Each structure stands twice: as C-alpha cells, then as structure tokens.
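J.: Just passing along the structure, written as structure tokens.
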Amino acid sequence: MVAANEQNKNDILLELEDIHMSFGKVKALNGISLKVRKGQIHSIIGPNGAGKTVMMNVINGLYHPQKGGVYFKGKKINHIRPYARAKLGMARTFQKVEVFGGMTVLDNIRLGRHIHYKSGIISGALYLGKSAKEEREHRAFIEEEIIDLLEIESIRNKPVGMLPYGLQKRVELGRALALEPEILILDEPLAGLNLEEVEDMARFILDVNEEKRWKLTCILVEHDMGVVMDLSEQIFVLNFGNMIMSGSPEEVQNNPEVIKAYLGDEELYSTRG
Amino acid sequence: MEITKELTIPKLFFEQATKYGKDRVAMREKEFGIWCPVTWHDYFENVKYISLGLISLGFNEGDKVSMIGDNRPEGLWAEMAALCARGVGVWLFQDCLVDEVKYIIDHSDTRFLFGEGQEEVDKGLSIFHECPKLEKIIWDDPKGMRNYDQDYLISLKEVMELGRELDKKEPDLFKDLVYKGHGDEVALLFYTSGTTSLPKGALLSHNNMLTMGKHLMDVDPCLDTDDYVSYLPFAWIGEQMMSISCGLQIGYTINFPEASETAQENIREIGPHVMFAPPRMYEEMTRRVQVKNLDATWTKRKLFELSTKIGYHVANLKFEKKPVPLYWKFLEWLASIIVQNKLKDHLGLSNVRNAYTGGAAMGPDHFRFFHALGVNLKQIYGQTEVAGISVVHKSGDIKFDTVGHPIPGTEIKITDEGEIITKSSSVFLGYYKNPEATASALKDGWLHSDDRGFIDDDGHLVVFDRTKDVFTLRDGKPFAPQYLETRLKFSPYIKDSWVIGNKKDYITAVLCIDYQVVGKWADENKLNYTSYTELSQKPEVYDLIEKQIRQANKDLPDAAKVAKFTSLYKELDADDDELTRTRKLRRKFVEKRYEDIIDALYSDANMVHIDTTINYEDGREAHIKTDMHIRKVID
C-alpha cells in the first residue's frame, strides 16, 4: 500500500496548489489546483480571458502567484526564476511566436541548447579537445533529434524572420525541444496555422509524447477543440480564473456546465474537418 | 566494356563492386546535414543481405518487387536486391494515389512492396487486402512507425538480419544466384505514364537497359570520377537510365539529396557533371533566374541583360555553326566571369558537361536561355519502351528545333504515315499481360512510337507531338499546341498552360499562374488575396497575364495567336488526373473535365461558373465554387 502511494506520488511531475493571482482588482486565477502526471498530454481550455496564459506564466515563472505553491518533481519552485526552471527541465513556447527573427533556424535551436553547454568561453572559442567533442555531440543531437523530427532540413540556414508563420512556430518548438525538457508547455501551438500545418504540429506533439526517445509530458493551451479532444488524456477547464472541471476528453465533452461555458453548441466540437 | 547477351545488371554489379571495393564511393546521401558516403563494398553488402533476406521470406525467381518512396540509397538497394534474387523490379511514383498504387501492385502481381516510411506503408496497408498476391510490406524509415504491428509489415533491418543468417548457412548462394541470370530475362516492369489510358507495363530486359547506357555513353562519355545527383523519381525511365544503365556501367557516384525540398540546394553543393531532367526542371531554373533578376538592383539587372545579350549572340553563332570572332569571344569571356559563372554556380550547373532534357517538348526560348548561359543542354528523344532514349544531340551540332541523331546501334525510320519507328537492342520485350498493345507497338522488331516526325537535311530527327495532339488551324495548317504552351510558360508568371483550338476559329488558352511568383508580385503591388483561387481571378492578375500573352503572340502567324484566355482557379495536378506523373498534360481528360470552360471560351460569355470537387493525396475531397473570367486578347 505504501509502495503504491509512493509510486503515485512519483507519477506527478508538476503540481499547482491553491494558486491565487490577481492584477489590481482583477482576479486572474482564483485558487487553482491541478496535478500533471508524467508522460501524459494535458490540455487547458477555456474562453478568452479565462486565465490560461496567466497560468502558463505562473508555471514557467514569469509571474509569481500571491498565494499558493508550484511544485515541480515534488520540490516547491515558487521563487525560482524562469531560466533556472528551464534548467530543471521545463520548456515552453509562446502564443505569439517569440523567435529571434534575424538569426537562422539553426542558431535559434542552438540557443535552446545553451543550458547544456559545459565548456567555458575560452575553451569554446579555441575549440579545444573537450569542447570540440561537446560541440559535435550537441550538433548531432540537434540534427538527428530535432531537425529530422520537425522536417526542417530545407530551412536550417534561413533567417527565421523570413519564414512563414507556420514554420516559425515549428522552429519555436524546436528550440524548446533543444532544452531536452521533461515537461513541455505549449501556449496555443496551433493558432494561426492552416489545416496542413495543424496536422503536422499535432503529429509532432504526439511524436515527442510517445516516442521512446522523448516521452515528454505536455501541457497544451489550445482553442482547437478537435485537436484537444484527440490528443489529450486529461483536460482542465478554466472560466474566469476558476477551474470548473477536470477530466478525460469524454467527461469534459459530456459535462453540461462546460458545454454551456465554453463549447456552446455540440456542433462546434470539431472546428476542423 | 562489351555488353554480351550473358551479361545482366547483377553480374555487372558484382564485378564493379569487386573492382572498386572499399576505395570508392558508390553513392552519397545527405543525412542530418552531412554527406554520408556509401562505398561499393557497403553497397554490395547491403544489396546482398536484402536479397538473401527476401529469399528467406520465400521469394521465388521471377517474383515482382515493387518500390515506392523518395530517392534514397535504400530504394536503389531494394531494386538491385530484387534483380540479384532474379526477380523483377517495379517502381511507383512516390506521390501515386492509392488507386494507382492498387492498380499497379495488382496488375504486376507484386509479392513484396518496399515503402520508405509511414506514408508509403499507409498506402500499402490500405490496399493490402484488395491485392491478394501482396505478402509483405518492407519499410526502412522508422519515423512514426511505432504503433504498427501488422504481421505482414517488416523493417528493412529485419530483412537484412534474415539475409545475414542465410548467408552464414549458405555463403555461396548469393553469387550462384547472380551468375545464374541471362541478359534476355526481364529486369524491370515499367509502368508508362499513359497520357491517354490506364498505365501499361513495359517489360525491359537486362540487355535492354545495359545496351541503352552503353550507347548513350558512346556519344557522351562519362567518367568514373563524375558525380550525378539522383532526385527525380525512379519510376521515370530517365532516372533509371542515369542511375542504373549508365551509373553502374561507368561507376560514377550517385548523390541523393537530404529531402525533396533541399534538392536544388544539394545539387549546388555537389555540382554534378551530367544531368538529365524533364523540361519542367529547366523551366523552373529559368523562372528562378528571371524572378531573382526582377528583384535585383539596377546595376545587377543591367549587367545581366548585357551578358545575356552577349550569350544569345554567341549561342546563335554556334547554332548556325558560324565561327565566333575573336572580339565576341572576348566579350563572352567577360560575360562569363562577371555574370554567367556565378549564375551557373547558383543553379548547380558549374561542372555540367552534358545536360539533357526529354520526356516532353521544350520551348526554344528555354533552350536558348541555357545555351546563352554556356550550358551544353541537349534534347533527347526517347520513351520507356526503348529503356530510355534513342536520339540525342551531339556536342557542337545542336539545333533547338530537333532532337539530334540516333545513338549508335539504333535505327530510326519514318513510316509512310509519318510515324517514327525505332529498332535497337534496347527495344522492350512487350507489355505485361497486354498482347494487343504489344502487337500494335512492336511490328517485325520495329517499335512504333505513335509520334510524328521527319528527318531534316542534316540528318536530325524532328519530332512533332503525339499524332493525335497536332491541331489544324483555321487556315488549314497543322500546328503543335505544345509549341505555344512552352512559349507561354517562358513567362515566369505562368506555370502551366493548356492551348485549345483544334479545328476551331481561333486559339484559346487556359493558364495556371505560378502561385509563388504571382503571389510575390501581388504583395509588391499591394493586392490582397487569401488563396490561389482568389489570386488567380484578380483583374490585375489578368492584366499581368494578358501582357505575357501579347508578348508570346508577337511574331506568330495570325491563325496561331491566342485570342482569348482564362486563368484556371486551381493548379493542374497529377492527383486530379490532369497531368501524368511526369507532368505531361492529359489533353483528352482535361478537355472532358473542363468542357464548360471550353464552351465559354468559344461563346460570347465573359464568365464561367465553377462548382466542383478536388481530391487531395490522402483521399480527402474539397468543394470549390467560384467564377472564372474570360479575357479577350484579340478581337
């Protein structure tokens, strides 16, 4: 019995406990608690202004909640800064792509790799034995695990700013993956993409979640209900800073409150054919 | 090298691999950003194990093996392995729709299908139960394959493992198999693209393929130090000719691009010495140069114009076989160091000794463009049924309206009806399971092409188009629509064209804009659009196209001028059966499909309403409703 409990505890990668976050008089998050299980895809849905992005920012450390605790791998990380959270194994993408437009695709992805570099400035600049080896290993990782996965061979040397929006989103995902995170936070990864790009992106998310090499836990904020219902194992529904329910896609789809608050008519479920 | 009747492709492969061993690179593939070499030794080992693996799986002599996927070493290994096991190779176009895959797999009695990755495997799975003879599907790219557990799926690695085990038990088996073969046995079953009907399977023997390569290289020798980039579908006979017929004989290095989208970039990195591509590849290069030129600064544009003028002048002198005066030679040198060498470098043409084009008509404008650049571009004439080509230009004897002289060992005659007929050791064995078609194509050893043509005073063959494609103009003269179509396509804004007007009062054209180029033009001119359909119907775009047509109409006889045109709401696509997989227009089909448009072009209407569905490669359909304008160019 003890062992089972222990097992269960280890299973939880990220936990929010009674999070309160307000901006002036606006209560953006009102006592949110949730648990993110290892290896699953979780989605957060809710109408505009429900507090989804605020919640992402709380998890990732851009905002510090006034009350409540954020736990990552059982450790409280409330006061850890975003870059340090990245080192712990947290990566995210943004609602509006935040890539370095003037840099090439490869450089953008390499940046994500930065936290894994061990050699110092001098040995790096001189390309000395150990750092040369390290450099080669990082190169192999980026090429074999990321560029190949995301199928961006043809653009690796192009400046990101010149690329269409859909590809920029892909590059941003690539940069997040370069961190080799344990948890991947995706803020509206499908917004603004066309049908084909949505299909590609959904496949990449499934790949990094299922592929033995990655086995990433994902948190997804998304409006595309068709994709959310297909991909997620667990869905959290937010409305006006409150969590109105959490459960499997089926439970969420059949919950009358959710339907009323967010989904509206049943016909709106599959927003894309 | 002597090609005897005994020699087969596997025997030659065995000899070459023994000769070159570990010292020479047989092929290269760009993977993860690096060119990875495969030596002849590796090539040999891989083929051997795949071949023996197939035998472990129950492969029998004469069995058909189909392959589908991008150009990559594994594809060529699978083909060679099938041949070594004394089987027959069948290639499918990678973008084939499921129905086409089913037809070919079923018709060819394929037992083993090699697919590259998930996409190809999916196609295989969806037809598996409808093709009772199909037994195993073999894949090599593990991406996305984690959830597939059908027992008839097997990875290339596992096949090779089976082969290794068999090799341990019977170390001489592979060699014995290879040396059992005879040159007259069937090597490849090649499905022709069929502009008119269902694809027909042409049976090509080892001897057909090998003599083909030998005769071509008698005209234009290749070296074993040459590089060749393989990026066109293996299901196209031209690619087989270069990779197998020529490549294996001479032993040059075959390079495979990283992905199909990077092909152009990879060609530039390799700088191949020989190139063979259908006209659309060269058309694309021309378009790229023209578009970049439109974007360039004033000085660069002027320099380009000047050097092109010099290039054209010198090329014309060479076409006319006149001596080039010293003064022009100097200018040509100047133009080449200032502009043309750089341009050639960008197109990956710096090292090209011979560039060939064939498979469809190429317009003189494009042809001259390359000669003005100093690229030795040659037309060829050939067909699947002669295992590649039968006629080619000789260096220094190039006329852009002909296709040159027959290659050695090839006889070309024109029948009384004007049909081109060919006799050579490369003429195919017949069509698979189609004796009627075989009988009408092969008469007394002569291959009837259904193409019309004549031999000019210099002994060059001139090919008209398919007999049924030749138009009669209103003044009673015959006219080849392809001539006008390629002429229209010389404009960078026009990607595809279809000319109508057989026995009609005037000529009309249906055009497809180049989405990228016109899209960019629209951005610059502040035109808003959201889709191809919308962009294609903008009045400003019509103005733009009209200008291009007026340009093409210049110096054409009145009866052959385009009088009316319309811009099609979608691109012509092989997935909709409008083009063949090698992108030739299927005239009969489009005439029927777009009957309404033709009717409108030959009436007083200035608009035609479209309400139709289009198909995507993955089987989905989309409904389209739009209005197409019709624009008059001549009253």
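The values are calculated or read from the model by the stated rules, or taken from the named source; none is laboratory data. Predicted model, so just to flag it, every value in this text is computed and none were measured. All Cβ positions, glycine included, derive from the backbone under ideal geometry; neighbour counts span all protein chains shown.
J.: Can B:D475 be described as acidic (D, E) and closer than 20 Å to B:T402 by Cα? It would help to see each step written out before you state the result.
T.: Numbers: acidic (D, E): yes; closer than 20 Å to B:T402 by Cα: no.
No; evaluated as a whole, the condition is false for this residue.
J.: Inside the range B:374-482, counting only strands (runs of 3 or more DSSP E) that do not spill past its ends, which hold 2 or more residues that are of a type in the set (G, A, S)? So that I can check it myself, show each step before the final result.
T.: Values: elements: B:377-383, B:388-392, B:410-414, B:419-424, B:446-455, B:461-466.
It comes to B:388-392, B:446-455.
J.: Right, here's the next one. Among the listed residues B:E119, B:E100, B:E45, identify the single one that is charged (D, E, K, R), within 30 Å of A:W214 (Cβ to Cβ) and either in the same structural domain as B:Y20 (by TED's automatic domain parsing) or modelled with pLDDT under 95 (or both).
T.: Numbers: B:E100 fails: within 30 Å of A:W214 (Cβ to Cβ); B:E45 fails: within 30 Å of A:W214 (Cβ to Cβ).
When all the criteria are applied, what remains is B:E119.
Let's see how each residue does on (1) surrounded by 15 or more Cβ atoms within 10 Å (Cβ to Cβ); (2) of a type outside the set (A, V, I, L, M, F, W, C); (3) without any contact (Cβ under 8 Å) to a residue 24 or more places away in the chain:
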| position | (1), (2), (3) |
| --- | --- |
| B:Y542 | yes, yes, no |
| B:K547 | no, yes, yes |
| B:R550 | no, yes, no |
| B:K554 | no, yes, yes |
| B:A600 | yes, no, no |
| B:T612 | yes, yes, yes |
| B:D627 | no, yes, no |
| B:R631 | yes, yes, no |
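J.: Provide a single number: the residues in the range B:512-533 that are touching a helix residue (DSSP H, G or I) at 6+ places or on another chain (Cβ under 9 Å), surrounded by 14 or more Cβ atoms within 10 Å (Cβ to Cβ) and either free of Cβ contacts under 8 Å to residues at least 12 places away in the same chain or not aliphatic (A, V, I, L, M) (or both). Step through it out loud before you land on a result.
T.: Of the range B:512-533, the ones touching a helix residue (DSSP H, G or I) at 6+ places or on another chain (Cβ under 9 Å) are B:512-522, B:525, B:527-529, B:532.
Pick out the ones that are also surrounded by 14 or more Cβ atoms within 10 Å (Cβ to Cβ) and you get B:512-515, B:517-522, B:527, B:529, B:532.
Then keep just the ones that are either free of Cβ contacts under 8 Å to residues at least 12 places away in the same chain or not aliphatic (A, V, I, L, M) (or both); that gives B:512, B:514-515, B:519-521, B:529, B:532.
Qualifying residue count, the range B:512-533: 8.
J.: Further, regarding this structure: In the range B:285-298, what residues are free of Cβ contacts under 8 Å to residues at least 12 places away in the same chain and either in contact with a strand residue (DSSP E or B) (Cβ under 8 Å, 6 or more places away or on another chain) or over 14 Å from B:K342 (Cβ atoms) (or both)? Walk me through it before giving the result.
T.: Restricting attention to the range B:285-298, the residues satisfying the condition of being free of Cβ contacts under 8 Å to residues at least 12 places away in the same chain are B:292-293, B:295-298.
Answer for the range B:285-298, where residues must be free of Cβ contacts under 8 Å to residues at least 12 places away in the same chain and either in contact with a strand residue (DSSP E or B) (Cβ under 8 Å, 6 or more places away or on another chain) or over 14 Å from B:K342 (Cβ atoms) (or both): B:D295, B:T297, B:W298.
J.: Still on this structure: Would it be correct to say that B:P435 is in contact (Cβ under 8 Å) with a residue 24 or more places away in the chain and either assigned by TED's automatic domain parsing to the domain that holds B:H366 or of a type in the set (V, I, T) (or both)?
T.: Values: in contact (Cβ under 8 Å) with a residue 24 or more places away in the chain: no; either assigned by TED's automatic domain parsing to the domain that holds B:H366 or of a type in the set (V, I, T) (or both): yes.
No.
J.: Mind checking which pairs have a first residue in the range B:382-395 that is at negative phi and in the same structural domain as B:T357 (by TED's automatic domain parsing) and a second that is assigned to a helix (DSSP H, G or I) and surrounded by fewer than 24 Cβ atoms within 10 Å (Cβ to Cβ), Cβ under 6 Å, 6 or more apart or different chains?
T.: Final answer for the pair search is B:V392/B:V219.
Residue-by-condition table, conditions (1) buried (at least 22 other Cβ atoms within 10 Å of the Cβ); (2) farther than 24 Å from A:E98 by Cβ; (3) in contact (Cβ under 8 Å) with a residue 24 or more places away in the chain:
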residue: A:E134; (1), (2), (3): no, yes, no
residue: A:E145; (1), (2), (3): no, no, yes
residue: A:K169; (1), (2), (3): yes, no, yes
residue: A:L220; (1), (2), (3): yes, no, yes
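J.: If I ask for residues that are in contact (Cβ under 8 Å) with a residue 24 or more places away in the chain and either away from chain A (no Cβ under 14 Å) or touching a Ser or Thr at 6+ places or on another chain (Cβ under 9 Å) (or both), which ones from the range B:143-157 would you list?
T.: B:M145, B:Q150, B:Y152, B:L153, B:I154, B:L156
J.: Identify, by number, the condition in (1) buried (at least 17 other Cβ atoms within 10 Å of the Cβ); (2) under 25 Å from A:N209 (Cβ atoms); (3) of a type outside the set (K, R); (4) within 14 Å of chain B (Cβ to nearest Cβ) that A:I77 doesn't meet.
T.: (4)
J.: If you don't mind, another one. Failed condition for A:R92, given (1) in contact with a strand residue (DSSP E or B) (Cβ under 9 Å, 6 or more places away or on another chain); (2) closer than 21 Å to A:I155 by Cα, with all others met?
T.: The one condition A:R92 does not meet is (2).
J.: Taking only the range B:243-270 into account, find how many residues are of a type in the set (D, E, K, R), touching a strand residue (DSSP E or B) at 6+ places or on another chain (Cβ under 9 Å) and facing chain A (nearest Cβ under 10 Å).
T.: Going residue by residue through the range B:243-270, those that are of a type in the set (D, E, K, R) are B:258, B:261, B:265, B:268-269.
Next, from what is left, pick out any that are touching a strand residue (DSSP E or B) at 6+ places or on another chain (Cβ under 9 Å): B:258, B:269.
From the residues that got through so far, the ones that are facing chain A (nearest Cβ under 10 Å) too are B:258.
Count: 1.
J.: Going through the range B:114-139 one residue at a time, which ones are within 14 Å of chain A (Cβ to nearest Cβ) and outside any helix (DSSP H, G or I)?
T.: The answer is B:E116, B:G117.
J.: Follow-up. Scan the range A:156-178 for residues that are out of contact with any Leu (no Cβ under 6 Å at 6 or more places or on another chain) and within 11 Å of chain B (Cβ to nearest Cβ) and jot them down.
T.: Residues satisfying the conditions are A:N157, A:K158.
J.: Would you say B:A563 is buried (at least 19 other Cβ atoms within 10 Å of the Cβ) and not in a helix (DSSP H, G or I)? So that I can check it myself, show each step before the final result.
T.: Values: buried (at least 19 other Cβ atoms within 10 Å of the Cβ): yes; not in a helix (DSSP H, G or I): yes.
Answer is yes for this residue.
J.: While we're looking at this one, here's another question. Quickly run through the range B:579-604 and pick out the residues that are hydrophobic (A, V, I, L, M, F, W, C) and either touching an Asp or Glu at 6+ places or on another chain (Cβ under 8 Å) or modelled with pLDDT under 85 (or both).
T.: Listed by number, the residues that qualify are B:L579, B:L585, B:F589, B:V590, B:I598.
J.: State whether one or more residues within the range A:198-210 are touching a residue at least 60 places away in the same chain (Cβ under 8 Å) and either among the hydroxyl-bearing types (S, T, Y) or closer than 18 Å to B:G33 by Cβ (or both).
T.: No, the range A:198-210 contains no residue that is touching a residue at least 60 places away in the same chain (Cβ under 8 Å) and either among the hydroxyl-bearing types (S, T, Y) or closer than 18 Å to B:G33 by Cβ (or both).
J.: What about B:I545, is it closer than 27 Å to B:M285 by Cβ and either hydrophobic (A, V, I, L, M, F, W, C) or touching a helix residue (DSSP H, G or I) at 6+ places or on another chain (Cβ under 9 Å) (or both)?
T.: Numbers: closer than 27 Å to B:M285 by Cβ: yes; either hydrophobic (A, V, I, L, M, F, W, C) or touching a helix residue (DSSP H, G or I) at 6+ places or on another chain (Cβ under 9 Å) (or both): yes.
Here the answer is yes, as B:I545 does meet what is asked.
J.: Test each condition in (1) assigned to a loop (DSSP other than H, G, I, E, B); (2) of a type in the set (A, V, I, L, M); (3) closer than 25 Å to B:T8 by Cα for B:M145 and report the one that comes out false.
T.: (3)
J.: Take the residues in the range A:143-155 that are assigned to a helix (DSSP H, G or I) and within 9 Å of chain B (Cβ to nearest Cβ); name whichever of them is farthest from A:G89 (Cα to Cα).
T.: Residues of the range A:143-155 that are assigned to a helix (DSSP H, G or I), as a first pass: A:143-150, A:153-155.
Now drop any that are not within 9 Å of chain B (Cβ to nearest Cβ), which leaves A:143-144, A:147-149, A:153-155.
On the way: A:E143: 21, A:E144: 20, A:I147: 20, A:D148: 22, A:L149: 20, A:E153: 26, A:S154: 29, A:I155: 27 Å.
So the residue we want is A:S154.
J.: Take the residues in the range B:117-143 that are more than 20 Å from B:E74 (Cβ to Cβ) and not aromatic (F, W, Y); name whichever of them is surrounded by the most Cβ atoms within 10 Å (Cβ to Cβ).
T.: Pass one, the range B:117-143, residues more than 20 Å from B:E74 (Cβ to Cβ): B:126-133.
Those left that are additionally not aromatic (F, W, Y): B:126-127, B:129-133.
Working: B:S126: 13, B:I127: 17, B:H129: 8, B:E130: 11, B:C131: 21, B:P132: 9, B:K133: 12.
Top of the filtered list is B:C131.
J.: One residue is enough: does the range B:210-232 have a residue meeting the conditions within 14 Å of chain A (Cβ to nearest Cβ) and not small (G, A, S)? Let's see the steps before the verdict.
T.: Looking only at the range B:210-232, we keep the residues that are within 14 Å of chain A (Cβ to nearest Cβ), and these are B:231.
Among the residues that remain, those that are also not small (G, A, S) are: B:231.
Checking the range B:210-232: at least one residue is within 14 Å of chain A (Cβ to nearest Cβ) and not small (G, A, S).
J.: Give, as residue ranges, the strands (runs of 3 or more DSSP E) completely inside the range A:11-114 that count at least 3 residues that are within 30 Å of A:P164 (Cβ to Cβ). Write out each step before concluding.
T.: On the way: elements: A:12-23, A:26-37, A:41-45, A:67-72, A:90-93.
In the range A:11-114, the matching strands (runs of 3 or more DSSP E) lie at A:41-45, A:90-93.
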